[in-house]
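K.L.:
Here it is: the structure, laid out below.
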Amino acid sequence: MLVPSCENDGGDSKIDIQYGAVINIQKSSSSDTYINLVALQNGGDINLGFTIDKAVGDITSMDVVGLYIKSDGTTIFKGKFSTGIKTFPYTLNINKQKIYDAFTQLNSSDDFETGDQLTISAELTLKDGTVLKLINDDGSNNFSSNIASSSTYKVFQAYNVSCPSELGGTYEFTTTNVKAPTGESAPGPLTGTVTFEDQGGGIYNISDASFGGWTGLYGSGNIARNVQLKDICNKISYFGVDQYDEVFTFSNLVVNGNKISFHWENDYGEYGDTTLKRTDGSNWPALTL
């Protein structure tokens, strides 16, 4: 695995190649996938379990690092859960006391808020003595996009502070008033089904973030992939970007029994109005934006 860095002198560029390393951190299937705020407020505990193994590179030791990112996105606390790990794979379970011990800023359930996030990663010491941070102290990634999107390994795991969420399922959509900035339009109604695939912690993969809108605009097979839905104690939002690095947003959300309606758009300029209907006999919870 090569980690390139470039220094541009204004003309010719000098490129230094540094040998790096990558870990593979995977959540335990028997542990929590998010930090349950309701449980903490009721005096309960949490169990964040994961295993870290070497993936690429000559790693001699590892520190397990946590970044606690407050809901404002700018306040970040750094702590360490384990240091000097030399035996792999390494398994760790984190409860609330270990979080209190790692972060001087977190001392009780009152210090947790919805929308906060705990990111677990590592600082690696390589054979030549180089110390490699996989996540920078400001929360930015210190690795390339191909590593971030790898299906082979994960270099970090994120735990959202959230409430129990049950939005997974397949729903009927009706989408109208779809337009693109290049002039295409699809008045609709466009109908079909969309699936919210539960990833844990209030995060769901959306099978088509345009809810049939792109199919109406550009023809069969065109869907908005990779975008996720985030549910933080019934407050929902799009999360991440699509295959073209476009950011989606919701507005005008209305909840009415087994139906929700909303306006969606992205920063490319495409937009539409969608209604989702549950067919499982249940109503939607009191969702907000």
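K.L.:
Helix-only mean residue ellipticity at 222 nm, the chain, DSSP H runs n ≥ 4 weighted -39,500 (n - 2.57), per residue, nearest 500. What is it?
P.N.:
Theoretical 222 nm ellipticity from helices: -1500 deg cm²/dmol.
K.L.:
In straight Cα distance, which lysines are under 23 Å from residue 80, not counting same-chain residues fewer than 8 positions off?
P.N.:
Candidates past the 8-residue exclusion: 27, 54, 70, 96, 98, 127, 133, 154.
K.L.:
Output needed: percent of Cα pairs per 5 Å distance bin for the range 119-242, bins running from 0 to the one holding the longest distance.
P.N.:
2, 9, 14, 17, 16, 13, 10, 9, 5, 3, 2, 1, 0
K.L.:
Right, another one. Which residue fluctuates most in the GNM of the chain (Cα springs below 10 Å): 27, 86, 78?
P.N.:
Highest fluctuation of the listed residues: 86.
K.L.:
To continue, here is another question. Largest first and in whole Å, give the semi-axes of the chain's equivalent ellipsoid, each being the square root of 5 times a Cα gyration tensor eigenvalue.
P.N.:
37, 27, 16
K.L.:
Residue 184 to residue 255: FRET efficiency via 1/(1 + (r/R0)^6), r the Cβ-Cβ distance, R0 35 Å, to the nearest 0.05?
P.N.:
0.70
K.L.:
Scan the range 174-273 for chymotrypsin sites (Phe, Trp or Tyr not before Pro) in coil per DSSP, keeping those whose Cβ has at most 11 other Cβ atoms within 10 Å, and list them by number.
P.N.:
Loop-located and lightly packed - 244.
K.L.:
Then there's this: Show me, bin by bin at 10 Å from 0, the whole-percent P(r) of the range 169-277 based on Cα pairs.
P.N.:
15, 53, 29, 3
K.L.:
Starting from the Kirkwood radius over alpha-carbon pairs of the range 2-162, derive D by Stokes-Einstein at 25 °C in a medium of 0.890 mPa s and give it in µm² s⁻¹.
P.N.:
For these conditions, the coefficient is 146 µm²/s.
FYI, it's all coordinate maths here, none of it is from the lab. Small disclaimer: the values here were computed from a predicted structure and weren't measured. Using ideal geometry, Cβ is built from the backbone for each residue, glycine included, and neighbour counts are taken over all protein chains shown.
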